[in-house]
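What follows is a single structure, written as structure tokens, with notes after it.
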Amino acid sequence: MYEHKINQTRQQILDAFVTLVKEKDVSKITINDITTIAKINRGTFYRHFDDKFDLIEKTETTIFNAVEKSLQDNILNGQIKSITQAEFGNYRLELLGILKDNADFISAMLSKNGDLTFESKLIAQMRDFSMIGLSALGIDFNSMPASRELTMQFMANGLIGVVRHWLANDDISIETVAQTMDAIMSNGIIASFGFEAKG
């Protein structure tokens with residue numbers, strides 16, 4: 001019961017912060033702004049977070065830890081050995097589910113009022129987790145040193161663009177996003193548009 005109350009209060013604070021980011025830049029948001037919207041006193045805020053940057057960092061860490069746990073449970077433990085396995089599709093849905101569960105915070109951080117470092121962190125995390133996951137599935141990145149970094153950056157930045165667009169459009173289903181991402185990563189962008197690559 002006590003833990004539920006703690007989580008409820010934290011969510012209340014986070015929701016207030018996200019609401020404020022929709023209205024003004026993160027740098028201009030004060031603790032008083034947050035506590036007013038959340039309808040709590042400053043002491044309650046400081047029992048949970050040191051400041052607004054601690055709030056951002058702890059929320060980021062929660063999201064990234066969930067993604068890392070999914071990677072560990074599905075890929076690194078050998079549960080999934082190939083992207084052709086049906087389970088890989090479920091893994092992709094699980095990852096997208098984590099992002100969807102945190103859609104309000106992620107969208108706020110990726111907005112013009114958000115924390116500019118968040119997008120860089122998210123790209124870096126996607127790049128690193130993708131490389132770890134693909135390596136575990138048998139892709140030898142050491143055999144492609146010249147193009148490896150370019151390829152990973154292209155993929156990570158592309159994924160951010162997809163996530164940003166998806167979270168801003170409620171009418172796009174999580175299944176559609178997963179299928180599109182799988183098609184692009186497995187067959188390439190040109191093939192995903194329905195064209196065949198010319199030899």
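The values are calculated or read from the model by the stated rules, or taken from the named source; none is laboratory data. In this text the structure is predicted, and so the values were computed from the model without any measurement. Backbone-built Cβ (ideal geometry, glycine too); neighbour counts: all protein chains shown. Accessible surface areas use protein heavy atoms only, side chains included; no ligands, DNA or RNA. Shrake-Rupley method; radii C 1.70, N 1.55, O 1.52, S 1.80 Å.
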Mean-square fluctuation check for the chain, GNM, Cα pairs under 10 Å: which of R127, R47, R92 is largest? R47
For L76 and D140, compute 0.36 nm times the residue count separating them, minus their Cα-Cα distance, and round to one decimal in nm. 21.5 nm
Rounded to the nearest percent, how much of the accessible area of region 70-185 (1.4 Å probe, protein heavy atoms only) is carbon and sulfur? 56
For the chain, longest principal axis from Cα atoms; helix 86-101 axis from its Cα atoms; angle between them, nearest 10 degrees, is 20
Distance (nanometres) between label positions extended 7 Å along Cα→Cβ at N157 and I174: 2.9
Using label points projected 7 Å from each Cα along Cα→Cβ, tell me how many nm separate D101 and T9, to one decimal. 2.3
The extension gain from T19 to K39, computed as 0.36 nm times the residue separation minus the Cα-Cα distance, is 5.9 nm
If I compute Cα Rg over 2.2 N^0.38 Å from the structure I just sent, which labelled value in [x] 1.17; [y] 1.90; [z] 0.99 lines up? [x]
Structure-based [θ]222 nm, the chain - -39500 (n - 2.57) summed over DSSP H runs of at least 4, per residue, nearest 500: -23000 deg cm²/dmol
Per residue, how much accessible surface does region 68-186 expose to a 1.4 Å probe? Answer in Å², no decimals. 55
Quick check for you: with a 1.4 Å probe and neighbouring chains kept, what is the accessible area per residue of region 12-62, in Å²? 54
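Give me the extension gain from R47 to I132: residue separation times 0.36 nm, minus the current Cα-Cα distance, reported in nm with one decimal.
On the way: separation 85, 0.36 × 85 = 30.60 nm, distance 3.63 nm.
My answer for the length gained is 27.0 nm.
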